[in-house]
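Working notes, structure below.
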Amino acid sequence: MNRRVGILDHSVKRLVAAALIVLVWWAALPAFQGMGTTRRAPRAVKPVATGLPPVTVDFRDVAVQAGVTAVNVSGGAEKKSC
């Protein structure tokens, strides 16, 4: 009978240890999720003094001229879009 109590005692200790590990893991999990944030105000950014003209951007669709004819399909089964 004494041996059986020892086995049960060992099993209970292992179960408590496993539960403690899971509890600590679950409590620490939110610390490693999401993006880091700060509570202080952002620093003031000084403008860069330059004599260059402002940058202009010109977006053009040149895929057909380049010979690209593949269709790109994205989205789920009910919301496919091309």
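The values are calculated or read from the model by the stated rules, or taken from the named source; none is laboratory data. Bear in mind that the values here come from a model prediction, so they are computed numbers and not experimental data.
Worth pointing out:
- Of all residues in region 46-82, those being in a loop (DSSP other than H, G, I, E, B) and over 28 Å from the mean Cα position of the chain (by Cα) number 22.
- Unique match (being at pLDDT below 90 and part of a helix (DSSP H, G or I)) among L20, L29: L29
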